Amino acid sequence: MTGFATDAIHAGYDPDSLYGPINTPIYASTTFAQDGLAQLRGGYEYTRVGNPTVTALEKAVAALEGAEYAVAYSSGMAAIDVILRILLKPGDHIVVSNDAYGGTYRLIQQVFTQWGVENTVVDMTNPDEVAAAVQDNTKVIWVETPTNPMLDIVDIEAIAAVKQQATLVVDNTFASPYLQKPFELGADVVVHSTTKYIGGHSDVVGGIVCGDDSRVPGFHEQLRFFFGWVGANPSPFDTYLTGRGLKTLAVRMEKHCDNAEAVAKYLDAQPQVARVCYPGLDTHPGHEVAKKQMTRFGGMVSVLFQTTEQAKTFCKSTMLFCLAESLGGVESLVEHPATMTHVSVAGSALEVPGELVRISVGIEDEADLIADLEQALARI
């Protein structure tokens, strides 16, 4: 059995016999020659339903997650939408976290409610509350851990123990498969926005769903249907970039974690900061669960300042940390969720505090990152 870094580089692709390219080629072709009527070469006919560059990425991510298969999509939201459309029908019910990604909750609340799907928002860190929310018509429990943006930690094993007939879906974007293996903890489906850590360079948008038909019978066929016949498929160029980023995931995540731990400890000691949300700190309420189910604590740090104005000023004062949405790239980013990524959930059960700042810690030199934080804090 090979290790994670080895699989990230080699799984899913062997140099082909024609020219032997070390890297997966970009198969920039909409259609493929056939040897006869409906006689396909290697199983490919039309890129909307399958492409060798896309397949290589799918096999690699499936290997890293320990999944039977993976299906790639054009964005993380496309992947989330496909999962929900497969698993939910009118009259069904979904349980979702009170700190879910705003885009996920917006889709559930604004689209799926119109189709007769009910939802219950719970504190997903409390398994008893989750258990109490499960109804006879509950078909999905949607988990993110660490959560976005508060970095709460959800005990996947504990939720799996109370899910009953529901399918347990885990969004593993923040941890990446390098830090957390949800299938080993009882998840039925795992989803990633590959835009984030898997791609890792802020240059490509994508999503991927990992599954096992022994957990959700017929799921793979349905994922493929939406991939090809609904048209949520990614381009060969995008999956090539994502696969290229994936090869360095292990080394990048180690540096992300090193820097995030240093940033969290530094900010935790500053008088302008009310609280640092980072599961690697002993004071984090989910620290022990994170130690149990993650190998390290990730590259995201969220900070609660004393006031909303302090949070906004800090975001506008950093120089190395770029004011921008998204996360998981090699460069460090800072954002104000209440007015940026999570503005759509204002007034809902998922509303985030104005004092909150979310930081995606990159892989720059630690000393430079701390120096930038220091000068930004001095302006508050």
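Each of LEU356, ALA79, VAL190 was placed along the dipole of the chain (beta-carbon charges, centred on the mean Cα), and the one lying farthest toward the positive end is ALA79. Comparing GLY362, GLY42, GLY354 in a Gaussian network model of the chain where C-alpha atoms under 10 Å apart are linked, the largest mean-square fluctuation is found at GLY42. In a fully extended conformation the segment linking ASP258 and LEU18 would gain 82.2 nm over its present Cα-Cα distance, using 0.36 nm per residue.
Stretching GLU364 away from ARG85 to a fully extended chain increases their span by 96.4 nm, per 0.36 nm per residue minus the current alpha-carbon distance.
Distance between the 7 Å Cα→Cβ label points at ALA131 and GLN375: 5.3 nm. With a Förster radius of 41 Å applied to the beta-carbon distance between GLU351 and ILE9, the computed FRET efficiency rounds to 0.45.
The dipole here belongs to segment 249-377: it is taken about the Cα centre, uses +1 on the Cβ of Lys and Arg and -1 on the Cβ of Asp and Glu, and is about 360 debye.
Centroid-to-centroid, using Cα positions, segment 128-173 and segment 310-377 are 27 Å apart. For the options GLY50, GLY91, GLY20, a Gaussian network treatment of the chain with springs between C-alpha atoms closer than 10 Å singles out GLY20 as fluctuating the most. Taking other C-beta atoms within 10 Å as the exposure proxy, HIS93, HIS192, HIS10, HIS336 rank HIS10, HIS93, HIS336, HIS192 from fewest upward. Each other residue within a Cβ distance under 9 Å of HIS220 adds +1 if Lys or Arg and -1 if Asp or Glu, for a net charge of -3. Expressed in units of 2.2 N^0.38 Å, where N is the residue count, the Cα radius of gyration of segment 34-139 is 1.43. Considering only alpha-carbon pairs that sit under 8 angstrom and 6 or more positions apart, the relative contact order computed for segment 249-377 is 28 percent. Taking one quarter of the surface of the C-alpha convex hull of segment 249-377 gives a mean projected area of 7.8 nm². Mean separation of Cα pairs under 8 Å and 6 or more residues apart, divided by the residue count, gives the chain a relative contact order of 17 percent. Of all DSSP beta bridges in the chain, what percent run antiparallel (nearest 5)? Among the beta bridges of the chain, antiparallel pairing accounts for roughly 55 percent.
From the coordinates of this entry, mean projected area of the Cα convex hull in nm² is computed, and it appears in [x] 30.1; [y] 22.3; [z] 19.4 under the label [z]. Helix-only arithmetic for the chain: the sum of -39500 (n - 2.57) across DSSP H runs with n ≥ 4, divided by the residue total, places the mean residue ellipticity at 222 nm at -9500 deg cm²/dmol.
Extension gain, ARG215-VAL251: 0.36 nm per intervening residue step, less the Cα-Cα distance, totals 9.8 nm.
Rounded to 0.05, the FRET efficiency of the THR313 and SER29 pair, given R0 = 41 Å and the Cβ-Cβ distance, is 0.20.
Excluding same-chain neighbours fewer than eight residues apart, the aspartates and glutamates reachable from LYS247 by a Cα-Cα span under 16 Å are ASP7, ASP14, GLU58, GLU65, ASP203, ASP238.
Here the residues ILE22, ILE141, ranked from fewest to most Cβ neighbours within 10 Å of their Cβ, fall in the order ILE22, ILE141.
Pop the C-beta distance of GLU45 and GLU157 into the FRET formula with R0 = 35 Å and round what comes out to the nearest 0.05. About 0.25, to the nearest 0.05.
Mind scanning LYS265/LYS292; LYS181/LYS292; LYS196/LYS255; LYS59/LYS181; LYS196/LYS265 and naming the pairs with a C-alpha gap bigger than 18 Å? Going by Cα-Cα distance, LYS265/LYS292; LYS196/LYS265 fall outside the 18 Å limit.
No value in this document is a laboratory result; all are computed from the given coordinates. Here the structure is a predicted model, which means the values were calculated and not measured. Virtual Cβ from ideal backbone geometry, glycine too; neighbours counted across all protein chains shown.
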